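One structure, pasted below without further comment.
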Amino acid sequence: MLKTEKRIISIILLMALMLAACVVPAFAGVPGKKLKRYENYVFIGDSIAAGFGLESEDENPMEGGSMLTVDEHIAEGSYAQLVSKAIYAESVFKLAHAGWTADNVLSIVDPTYESTGMMQQDTDSDEVTALRETSIKAISEADMITVNLGNNDCTMMVMQNLRSQFQSDDEFDITEARGILGTMDQTILQYEANYDRLIGRIRELNPDCDIYVLGMYDLFGSMEPKNLTQHVLEELNLKLCDELKSYYTEESEHKDDITYVDILETETFAYHEYGEAEYYTDFMLQVHPSAEGHKYIAQQILAAIPQDVMHDLI
C-alpha cells in the first residue's frame, strides 16, 4: 500500500513539472523579447500635466515661484497620478510646471541648450542645477515617460492676445482673430525644433524607456453656444491639433521613438457664457482639463501601453 502511494505521489510531481515546462514558454511571449514593468514613471509637461484647477479653481497657473523650479506635489485626480496608480509605479518624478514650454524643459535637462528666448531665466542658479541633476537621473532611470507640451509653445502668447482683445474690444471680429492666430506659424516651427531636440535628449539619456507623447485637445469643445468668432477659433485650434499630430507621427525625426496618445476629446472646465465677467476672469481655467478630462487622458495613455508590458490596470 505504501509503495502504491509513493508511486502516485511521484506521478503527480512528474505531471506538475511537465505542466510547468509547458506554461513557462507560453507566458514568455515573443521569443527574445523580455517582458517588463513600468516601475519608474516620469511625467513632463506644463499646467495640464501639473493638474491646474483640480485642487483649487481659484489658483493662478502662473504663480508658484521660479519658472525653472518644480514642487514635488502631484495633484489629486491628475492624469499623472491616475496613471502612476494604475501601473503601480514605485517612483514618480514630476517635471511639470504651469507655463512651461519645451524651451523650459530643455533648459533643465540639456546643459548645452541655449534658450530660444521664450522663457529666458537664470539656468545656472543652485536651484536649477539641483533640479537638472535630479531630472537627468530620473529620466535615465525611467521605464515610462509621458511628454505633454506644445500648448504654451504654440498658443500661449496668441491666447493672451485674444483674451485681451475679447475683453477690451466689443467689435473684435473674425478678421482680427485670424490675424492674431496667423502669428502662430513661427512659434509652431520653433516648437517642433525644440520638441525634436527634447526627445533626442531623452533618448540620449535613456535608450530603453517607453516615451508617450500626448497630442493637443480641443480647447473650445466645452464652449456652448459659440458665436461665429469662437467657431473660427475652434476651427483653427483643431487645425493645430492635426498639424502637431502629423508632425509627431509622420514628420519628426523621432517618430519611431515615441508612442502617440490622442487626447483630442478631452473635457475642459465648463465655460461661462460669452460676455459675462467670469468668461474673461476664468478664461485660463476654462481651457484646462476638468477632473473628467484628466480621467479621459489617463485612459488614453493606459490604452496606448503595449500588452507585453506587465502591469495591472485598475
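Just so it is clear, none of the values below were taken in a lab; they were calculated from the coordinates. Everything numeric in this text was worked out from a predicted model, so none of it was measured. Heads up, the Cβs are rebuilt from the backbone with ideal geometry, glycines too, and the neighbour counts pull from every protein chain shown.
Could you sort the peptides 136-147, 41-52 by per-residue average Cβ neighbour count (10 Å cutoff), highest mean leading? Walk me through the numbers before you get to the answer.
Working: 136-147: 20.5, 41-52: 26.2.
Packing order, densest peptide first, comes out as 41-52, 136-147.
Now a separate question. With a Förster radius of 35 Å, plug the Cβ-Cβ distance of residue 204 and residue 239 into 1/(1 + (r/R0)^6) and report the FRET value to the nearest 0.05. Write down the numbers at each step before the final one.
Details: r = 32 Å, r/R0 = 0.92.
Using R0 = 35 Å, I get an efficiency of 0.60.
Could the peptides 248-259, 100-111 be put in order, highest first, of the mean number of other beta-carbon atoms found within 10 Å of their residues? Each step should come with its number before you reach the end.
Working: 248-259: 15.2, 100-111: 23.1.
Result, highest mean first: 100-111, 248-259.
Let me ask something else. Sort the following peptides by mean Cβ neighbour count (other Cβ atoms within 10 Å, averaged over residues), highest first: 287-300, 234-247.
Numbers: 287-300: 20.8, 234-247: 16.5.
Those peptides, ordered most packed to least, come out 287-300, 234-247.
Given 0.36 nm per residue, what is the gain on full extension from residue 115 to residue 255 after removing their alpha carbon distance, in nm?
Working: separation 140, 0.36 × 140 = 50.40 nm, distance 2.38 nm.
Going from the current span to full extension adds 48.0 nm.
Oh, and also: Please work out the FRET efficiency for the pair residue 246 and residue 137, using the Cβ-Cβ distance as r and a Förster radius of 22 Å; give the result to the nearest 0.05. Numbers along the way, then the final one.
Values: r = 34 Å, r/R0 = 1.53.
Working from the Cβ atoms, E equals 0.05.
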